[in-house]
Amino acid sequence: MPLVLKNNHGSSISSASKLFLVFTLLSLLSILLFLTSSSPSTTLTATSQRTLSLPSTTSFINVMVADLPRSLNYGLLNNYWSLSSDSRLGSDADREIRSKQLRAKTLDFPPYPENPLIKQYSAEYWIMGDLMTPYENRSGSFARRVFDARDADVIFVPFFATISAEMQLGIAKGLFRKKDVANEDYGRQREVLDFLKKTEAWKRSGGRDHVFVLTDPVAMWHVKDEISPAILLVVDFGGWYRLDSKSSNCSSSEMIQHTQVSVIKDVIVPYTHLLPRLQLSENQERHSLLYFKGAKHRHRGGLVREKLWDLLVNEPGVIIEEGFPNATGREQSIRGMRSSEFCLHPAGDTPTSCRLFDAIQSLCIPVIVSDNIELPFEGTVDYTEFSVFVAVADALKPSWLVNHLKSFSKQQKDRFRQNMAQVQPIFVYDNGHPGGIGPIPLDGAVNHIWKKVHEKLPIIKEAIIREKRKPIGVLVPRRCQCT
């Protein structure tokens, strides 16, 4: 017989009913406490709640495109195709390319130049094309476009800085480094910065959450200091390192290391490869040990290239060719990379070059002789699984490099190529659609770039908040950032 309790009025309540009531009251109390602790303080404004909140999901990044005029992006391409010629291409090659692009100067989304000196820097075009693609065709994109700066994680700056710089270099190279009204590239740089600095988004963050694509080392040349707090998409840090004017050598206490760029806030992106992809199933026997094609004489880090050239040019099994990446040079490079076990990648004007990504697409094992190199998507990609890294000091020892490469077994080289075939898609920008407007490769370069930017968001948000609490008039010097 169940236990029966009596209330004050003499009515009975079973123990089961009492337990149910207690459980219900405890549940309601728990829900009330949870809602109270999880709801934001009533003293926070909507803006501060938005600023302090972390990204709600890791499946996308919210990107707003700054409202720059078309003349600073696709309009520049219309202007390029309106030129009678590209002075840096051979006349025959230029005529052939332009004969196929007669309508390009009037298209809403013109093609990017085929000039390899420009095409290798075309990341700006493919990133912009993805953001301009209609919503219904962007389901595979990691970047979700938003139209209110308050909803954005980052602000994308749609300035084709490479095209702007390269057009100036092609038309009037002598004016390029001058802050002169006749320098059209400088005028465009100022137009971009003057516009952005008037926006509430820039004022709120100091530009720290703005994304600039600066794949060409000379892009935005005159305003680098002004955009240094922003997120910069660069192919490497060559040309960005600065020394104090008093510094005479690398051991000086006056040295200022990369105050403008850092792997902490910026993203290393791939060059656009110029050679077609070789599938692993298409790979054939390779008869040469080592291949290199390019210019012998370069600036800065290119001194290493000159010394390597002299050491290797007469070595058996090594092919060293001087050449320009025009149509003829392209075919030579395809044959050379596909028939060689290893492809040499020495530093040139900058620590890296397009040659590395051509080698990957050709399944030619990269031999990287560049002590200060930075590489795209590290953390996702382990380059040691398909590349050979050599210290400059070792590479410059007579016969050392050739003997080192000969020491790799066939099994090791086959494993390198198998690993390389797996990462080939990661370095592909081209989505195969006219004007770059259309769905992008899911595992391609554009998505991986936005994923790397997304990884930086906590650091960027922290920097913005720290800047807000600084008293007016207080200047905090930039400090060296760890790499």
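If I ask for residues that are touching a Gly at 6+ places or on another chain (Cβ under 9 Å) and surrounded by fewer than 20 Cβ atoms within 10 Å (Cβ to Cβ), which ones from region 329-357 would you list?
Gly329, Gln332, Asp349, listed by residue number.
Considering every residue within region 268-283, establish whether at least one is part of a strand (DSSP E or B), in contact with a Ser or Thr (Cβ under 8 Å, 6 or more places away or on another chain) and modelled with pLDDT of 85 or more.
First, the residues of region 268-283 that are part of a strand (DSSP E or B): 268.
Still in the running and in contact with a Ser or Thr (Cβ under 8 Å, 6 or more places away or on another chain): none.
Checking region 268-283: not a single residue is part of a strand (DSSP E or B), in contact with a Ser or Thr (Cβ under 8 Å, 6 or more places away or on another chain) and modelled with pLDDT of 85 or more.
Which condition number does Ile360 fail, the rest of (1) surrounded by fewer than 18 Cβ atoms within 10 Å (Cβ to Cβ); (2) out of contact with any His (no Cβ under 7 Å at 6 or more places or on another chain); (3) part of a helix (DSSP H, G or I) being met?
(1)
Cβ-Cβ distance below 8 Å, separation of 6 or more or different chains: which pairs start in region 130-147 with a residue that is closer than 13 Å to Asn62 by Cα and end on one that is hydroxyl-bearing (Ser, Thr, Tyr)?
Note: pairs meeting the criteria are Ser141/Thr133; Phe142/Ser59; Arg145/Tyr135.
Given the structure, is Asp153 over 24 Å from Ala445 (Cβ atoms), acidic (Asp, Glu) and in the same structural domain as Pro111 (by the TED database)? Step through it out loud before you land on a result.
Values: over 24 Å from Ala445 (Cβ atoms): no; acidic (Asp, Glu): yes; in the same structural domain as Pro111 (by the TED database): yes.
So Asp153 does not fit the description; no.
What are the pairs, 6+ residues apart or on separate chains, where a residue within region 166-177 that is outside any helix (DSSP H, G or I) has its Cβ under 6 Å from a residue that is at pLDDT 85 or above?
Phe176/Gln168; Phe176/Leu169
Take Ile97 and decide whether it is open to solvent by less than 10 Å² (accessible area, probe 1.4 Å), more than 20 Å from His448 (Cα to Cα), at pLDDT below 95 and in a helix (DSSP H, G or I).
Criteria not met by Ile97.
Checking the condition within 24 Å of Asn115 (Cα to Cα) and modelled with pLDDT of 95 or more, which residue from Phe357, Phe324, Phe377, Phe389 passes?
Only one candidate qualifies: Phe357.
Give the number of residues within region 194-224 that are acidic (Asp, Glu), surrounded by 17 or more Cβ atoms within 10 Å (Cβ to Cβ) and out of contact with any strand residue (DSSP E or B) (no Cβ under 6 Å at 6 or more places or on another chain). Give the derivation first.
From region 194-224, those acidic (Asp, Glu) are 194, 200, 209, 216; that's our starting set.
After this cut, where a residue has to be surrounded by 17 or more Cβ atoms within 10 Å (Cβ to Cβ) as well, the list is 209, 216.
If we keep only those that are out of contact with any strand residue (DSSP E or B) (no Cβ under 6 Å at 6 or more places or on another chain) as well, we get 216.
So the count comes out to 1.
Which pairs turn up if I take residues in region 458-473 that are closer than 15 Å to Pro229 by Cα and not assigned by the TED database to the domain that holds Ala152 and look for partners that are modelled with pLDDT of 85 or more and small (Gly, Ala, Ser) with beta carbon separation below 6 Å, at least 6 apart in sequence or on another chain?
Ile464/Ser205; Glu467/Gly206
Looking for something of a type outside the set (A, V, I, L, M), over 22 Å from the mean Cα position of the chain (by Cα) and either modelled with pLDDT of 95 or more or more than 19 Å from Phe377 (Cβ to Cβ) (or both) - is there at least one such residue anywhere in region 441-454?
No: region 441-454 contains no residue that is of a type outside the set (A, V, I, L, M), over 22 Å from the mean Cα position of the chain (by Cα) and either modelled with pLDDT of 95 or more or more than 19 Å from Phe377 (Cβ to Cβ) (or both).
Looking at region 388-401, is at least one residue part of a loop (DSSP other than H, G, I, E, B) and surrounded by 14 or more Cβ atoms within 10 Å (Cβ to Cβ)?
yes
Take the conditions surrounded by fewer than 22 Cβ atoms within 10 Å (Cβ to Cβ) and among the small types (Gly, Ala, Ser) and apply them to Ala123. Does it pass?
It is false that Ala123 is surrounded by fewer than 22 Cβ atoms within 10 Å (Cβ to Cβ) and among the small types (Gly, Ala, Ser).
Among the residues of region 52-69, are any modelled with pLDDT of 95 or more, under 21 Å from Pro434 (Cβ atoms) and either open to solvent by 70 Å² or more (accessible area, probe 1.4 Å) or not in a loop (DSSP other than H, G, I, E, B) (or both)?
Yes - at least one qualifying residue is present in region 52-69.
Pull out all pairs, ordered by first then second residue, where Cβ-Cβ is under 8 Å, the residues are six or more apart or on different chains, the first lies in region 410-427 and is without any contact (Cβ under 8 Å) to a residue 40 or more places away in the chain, and the second is part of a helix (DSSP H, G or I) and surrounded by fewer than 17 Cβ atoms within 10 Å (Cβ to Cβ).
Going by the 8 Å Cβ cut-off, the qualifying pairs are Asn419/Glu385.
Looking at region 449-458, which of the residues that are more than 12 Å from Ser141 (Cβ to Cβ) and of a type outside the set (D, E, K, R) is surrounded by the most Cβ atoms within 10 Å (Cβ to Cβ)? Write out each step before concluding.
Step one: list which residues in region 449-458 are more than 12 Å from Ser141 (Cβ to Cβ), which gives 452-458.
If we keep only those that are of a type outside the set (D, E, K, R) as well, we get 453-454, 457-458.
Details: Val453: 24, His454: 19, Leu457: 17, Pro458: 11.
Selected residue: Val453.
The values are calculated or read from the model by the stated rules, or taken from the named source; none is laboratory data. None of these values were measured; they are calculated from a predicted model. No Cβ is skipped: glycine too gets one built from the backbone with ideal geometry, and neighbour counts run over all protein chains shown. Heads up: the accessible areas ignore ligands, DNA and RNA and are worked out on the full protein's heavy atoms, side chains in. Shrake-Rupley method; radii C 1.70, N 1.55, O 1.52, S 1.80 Å.
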